[in-house]
1. Within the set of pairs 6+ apart or on separate chains, which have a first residue in the range 182-198 that is modelled with pLDDT under 95, a second that is surrounded by fewer than 19 Cβ atoms within 10 Å (Cβ to Cβ), and C-beta atoms under 6 Å apart?
2. Identify, from the list K127, K111, K144, the residue that is touching a residue at least 12 places away in the same chain (Cβ under 8 Å) and within 19 Å of T95 (Cα to Cα).
3. Quick test of your reading of the structure: K117 fulfils all but one of (1) over 20 Å from D49 (Cα atoms); (2) assigned to a loop (DSSP other than H, G, I, E, B); (3) under 18 Å from the mean Cα position of the chain (by Cα). Name the failing condition by number.
4. Among the listed residues D21, D33, identify the single one that is within 18 Å of G86 (Cα to Cα) and at pLDDT 95 or above.
5. Examine the range 173-186 for a residue that is under 22 Å from A83 (Cα atoms) and either in a loop (DSSP other than H, G, I, E, B) or basic (K, R) (or both), and state whether such a residue exists.
6. Given the range 1-107, what helices (runs of 4 or more DSSP H) lie entirely inside it while holding 1 or more residues that are more than 19 Å from F167 (Cα to Cα) and open to solvent by 10 Å² or more (accessible area, probe 1.4 Å)?
Amino acid sequence: GLPLMLPSKPNLADYYFNLIDGVLITGGDFDIDPKIYGEKKHKSVVHIDKQRTNFEIKMAKLALKKNKPILGICGGQQLLNIALNGSLIQHIDKTNIKHEQSQPRNKFSHKVQINLKSKLYKIVKKKEFRVNSAHHQAIKKVGKNLSVNAISEDGIIEGVELNNHKFFLGIQWHPEFLITPEDNLLMKDFVNNASHNK
């Protein structure tokens, strides 16, 4: 897979979309404006990026409409959920899991359980494995037609997918660090889907 970094220009979303075979929406050091999903801003939400959010929502909706592979990672998963009219927990209350881990991102944080009927399970072929974790928000109301494919032991949603789409997948952890065989399988499957999308 050849990565192509796209500037956050909502007015050029259609042009960019036609240049690429798949869309990967990463996380970032910002939150999605809660106004988009009809909520008042929690005190923990201090940095938002309206332009990038608007651009990524447009890209997600194009991927949905054109059946083009899309993978959302961390904040990217949350963005996919918002694009399909879901909502977010604006700040995760203390649980027995540190979702904003103190150790480096290439280290494990906690386990996730995988839905055995999901596309994700077909990719990773494991019902449980350890992941890294770097987020203070999470999915609250699941977006339209999305199904949950992974949860953590404290009940936080760790993955979502769209069944009637070629590859529409959101993951709360960071598989790009490739710290497990499952991370490798997931990233390879996304690239393979994109490369066969011509």
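1. Cβ pairs passing all conditions: N197/D21.
2. Sole residue among the options that is touching a residue at least 12 places away in the same chain (Cβ under 8 Å) and within 19 Å of T95 (Cα to Cα): K111.
3. (3)
4. Values: D21 fails: within 18 Å of G86 (Cα to Cα).
Matching residue, one of D21, D33: D33.
5. Among the residues of the range 173-186, at least one is under 22 Å from A83 (Cα atoms) and either in a loop (DSSP other than H, G, I, E, B) or basic (K, R) (or both), which makes the answer yes.
6. Working: elements: 13-17, 50-66, 75-83.
Here the list reads 13-17, 50-66.
The values are calculated or read from the model by the stated rules, or taken from the named source; none is laboratory data. Note that the structure is a prediction, hence the values are computed from the model and not measured. All Cβ positions, glycine included, derive from the backbone under ideal geometry; neighbour counts span all protein chains shown. For accessibility, only protein heavy atoms count, side chains too; no ligands or nucleic acids. Shrake-Rupley method; radii C 1.70, N 1.55, O 1.52, S 1.80 Å.
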